[in-house]
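Working notes, structure below.
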Amino acid sequence: MQHFKQPILSAVLALVAVVGLNAPVFSQEQASGTQPATQATEPPARTIQEVLDAVRAERRAVSEANREREARFRRAESNQEAELNRLEREVAEAEAEASRLEALRNELDRELEELRAQLAERQGEFGELFGVARAAAADLNEQLNESLISTQYPGRGRVLTRMARASSLPTIEELEALWYTMLQEAGEQGKVVRYDAPVITGDNRSDSETVVRIGSFSAFTEDGFLIPREGTLRYLVRQPGGGALGAADEVFGHDGQDVVEGLIDPSLGTLLGLVVETPTFGERVAQGGGIGYAIIVVAVFGILLAVYRWAMLILVERKVAAQRQTSTPSSDNPLGRVMIAYDKAKGADLETLQMRLDDAVLKELPKLESGLNVVKVLAAVAPLMGLLGTVIGMIVTFQAITLFGTGDPKLMAGGISQALVTTVQGLIAAIPLLLLHAFASGASRRVSQILEEQSVSLVAESAAKAG
């Protein structure tokens with residue numbers, strides 16, 4: 001029905017077009033009463049027969065196009081069905097192949113289990129023996145990786161690695177290599193050997209240097225101690241102190257004629273590695289922060305002042321002792337100046353003489369006690385400053401705990417170090433200051449006591465002469 005509606009609609013439209021062509025056309029000029037300059041050419045008239053012929057021709061063309069379109073659709077449908085059938089066949093073949101491979105895998109698994117059981121049965125006690133050998137090879141290989149002896153004999157662990165990872169029985173050669181390596185490691189631990197080996201320097205360069213190895217405990221060159229890392233030797237970032245380098249130099253330069261003392265690390269490098277983590281004196285001082293440096297300034301100033309005053313008082317005490325041995329007064333010591341004051345007031349009465357001598361003694365006392373009170377104050381202030389640093393360090397520690405919790409002790413280490421180091425610095429400063437103050441005060445009191453005794457003696461002598 002759709003095929004017939006379209007031609008009929010076309011015929012109706014053609015009739016409307018014909019009627020429109022035969023209708024008179026009026027332009028704007030005609031409506032206004034004016035004539036155009038030329039007449040428009042009218043198209044030729046079309047009859048109804050021509051219109052019907054045109055409709056029939058169009059109908060035939062549309063029908064032909066529809067038939068061709070339907071034929072193409074049916075061909076495409078046939079091709080799609082063929083492609084679908086082909087894909088279904090391929091899926092079926094793939095599923096069949098997968099089933100076959102699954103069955104083959106199951107069969108191979110069963111055969112593998114049977115072969116393993118057969119291998120275990122045939123090995124018998126040898127299976128357990130070779131398992132122990134593989135375990136021993138793995139343990140020895142791990143030990144060789146961090147051994148100093150391996151730096152002299154590189155590559156000796158390859159056979160052990162292959163033996164430890166093998167899934168088959170080890171060969172006679174591999175068992176002999178395991179036995180020989182064990183004996184070699186035990187024998188080399190009792191030797192002091194000199195050999196050339198690559199050494200990683202501080203700037204990550206590898207240089208061949210002469211190394212002296214004491215068993216498997218310590219290794220060093222003329223520049224310092226070495227530690228093994230991944231089969232190579234490296235210098236310690238910080239060398240040990242306490243004469244360790246001197247002992248290493250003696251062993252390094254030993255010619256074999258006598259016995260020398262050396263340093264060994266019984267932990268096979270662990271203790272030497274901890275040397276890097278141990279703070280130096282400068283780092284300890286820096287941990288105290290500003291309070292620590294202030295304590296050091298106070299301690300240095302106080303100790304210098306106390307030593308100076310103690311030395312001056314000892315010198316004065318010796319001059320006073322020398323003055324007591326002679327009756328000729330000298331103005332370079334307190335006793336001599338008191339005797340000079342006695343000579344000047346010798347003609348006065350006893351009361352005036354005593355007052356003059358007391359005045360002379362009192363004038364000497366400030367000179368003798370000069371600076372001692374400052375030393376005493378600094379000795380009392382130093383521990384108080386250490387206590388202040390301790391409080392500040394604990395505040396920093398509690399702030400770190402508040403922010404980050406107690407999971408990581410390194411976050412609290414800074415505050416704890418400041419708290420402890422400043423306390424130690426305050427005590428270290430206070431102890432020598434107190435001792436020096438006591439020594440200097442004792443010297444000052446001895447000189448003062450001599451002056452008082454001599455002044456009383458002079459007054460008594462004058463009274464005896466007057467009587």
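The values are calculated or read from the model by the stated rules, or taken from the named source; none is laboratory data. Nothing here was measured: the structure is a model prediction, and the numbers come from that model. Neighbour counts run over all protein chains shown; Cβ positions are idealised from the backbone, glycine included.
Tell me whether segment 206-219 contains one or more residues that are touching an Asp or Glu at 6+ places or on another chain (Cβ under 6 Å), surrounded by fewer than 18 Cβ atoms within 10 Å (Cβ to Cβ), of a type in the set (Ser, Thr, Tyr) and modelled with pLDDT under 85. Checked segment 206-219: at least one residue is touching an Asp or Glu at 6+ places or on another chain (Cβ under 6 Å), surrounded by fewer than 18 Cβ atoms within 10 Å (Cβ to Cβ), of a type in the set (Ser, Thr, Tyr) and modelled with pLDDT under 85.
Taking first residues from segment 349-375 that are assigned by TED's automatic domain parsing to the domain that holds residue 309 and partners that are assigned to a helix (DSSP H, G or I) and of a type in the set (Asp, Glu), the Cβ contacts under 8 Å between residues at least 6 apart in sequence or on separate chains come to 361/452.
Determine, yes or no, whether residue 387 is among the hydrophobic types (A, V, I, L, M, F, W, C), part of a helix (DSSP H, G or I) and in contact (Cβ under 8 Å) with a residue 60 or more places away in the chain.
Values: among the hydrophobic types (A, V, I, L, M, F, W, C): yes; part of a helix (DSSP H, G or I): yes; in contact (Cβ under 8 Å) with a residue 60 or more places away in the chain: no.
Judged against the criteria, residue 387 is not a match.
Given the structure, is residue 201 farther than 30 Å from residue 131 by Cα, surrounded by fewer than 19 Cβ atoms within 10 Å (Cβ to Cβ) and either modelled with pLDDT of 80 or more or in contact with a helix residue (DSSP H, G or I) (Cβ under 6 Å, 6 or more places away or on another chain) (or both)? Quick ask: steps written out before the conclusion?
Working: farther than 30 Å from residue 131 by Cα: yes; surrounded by fewer than 19 Cβ atoms within 10 Å (Cβ to Cβ): yes; either modelled with pLDDT of 80 or more or in contact with a helix residue (DSSP H, G or I) (Cβ under 6 Å, 6 or more places away or on another chain) (or both): no.
In short, no.
Is it true that some residue in segment 362-382 is modelled with pLDDT under 85, out of contact with any Gly (no Cβ under 9 Å at 6 or more places or on another chain), part of a loop (DSSP other than H, G, I, E, B) and not polar (S, T, N, Q)? No; the residues of segment 362-382 include none that is modelled with pLDDT under 85, out of contact with any Gly (no Cβ under 9 Å at 6 or more places or on another chain), part of a loop (DSSP other than H, G, I, E, B) and not polar (S, T, N, Q). Looking across 388, 433, 420, one residue alone is assigned by TED's automatic domain parsing to the domain that holds residue 292, at pLDDT below 85 and either more than 30 Å from residue 311 (Cβ to Cβ) or not aromatic (Phe, Trp, Tyr) (or both). It is 420.
Could you please let me know if residue 348 is touching a Lys or Arg at 6+ places or on another chain (Cβ under 9 Å) and either outside any helix (DSSP H, G or I) or small (Gly, Ala, Ser) (or both)? Taking the combined requirement at face value, the residue satisfies it. Give segment 297-333 a look and list any residue that's hydroxyl-bearing (Ser, Thr, Tyr) and at pLDDT below 90, or say none. Once the filter is applied, which keeps residues that are hydroxyl-bearing (Ser, Thr, Tyr) and at pLDDT below 90, segment 297-333 yields 326, 327, 328, 330, 331.
Taken over segment 168-192, the criterion of being part of a helix (DSSP H, G or I) and among the aliphatic types (A, V, I, L, M) is satisfied by 172, 175, 177, 178, 182, 183, 186. Applying a threshold of 6 Å to beta carbon distances and a minimum spacing of six or more residues, or different chains, the list of pairs starting in segment 313-326 at a residue that is more than 16 Å from residue 370 (Cβ to Cβ) and touching a residue at least 40 places away in the same chain (Cβ under 8 Å) and ending at one that is of a type in the set (D, E, K, R) and outside any helix (DSSP H, G or I) is empty. Residues of segment 321-356 that are under 14 Å from residue 449 (Cα atoms) and among the aliphatic types (A, V, I, L, M): 321, 335, 338.
Take residue 138 and tell me if it is of a type in the set (Gly, Ala, Ser), in a helix (DSSP H, G or I), modelled with pLDDT under 85 and within 45 Å of the chain's Cα centre (by Cα). If you could, list the steps in order and put the result at the bottom.
Details: of a type in the set (Gly, Ala, Ser): yes; in a helix (DSSP H, G or I): yes; modelled with pLDDT under 85: no; within 45 Å of the chain's Cα centre (by Cα): yes.
So residue 138 does not fit the description; no.
Test residue 156 against the criterion of being of a type in the set (Lys, Arg), part of a loop (DSSP other than H, G, I, E, B) and under 18 Å from residue 134 (Cα atoms), and give yes or no. When the stated conditions are applied, residue 156 passes them.
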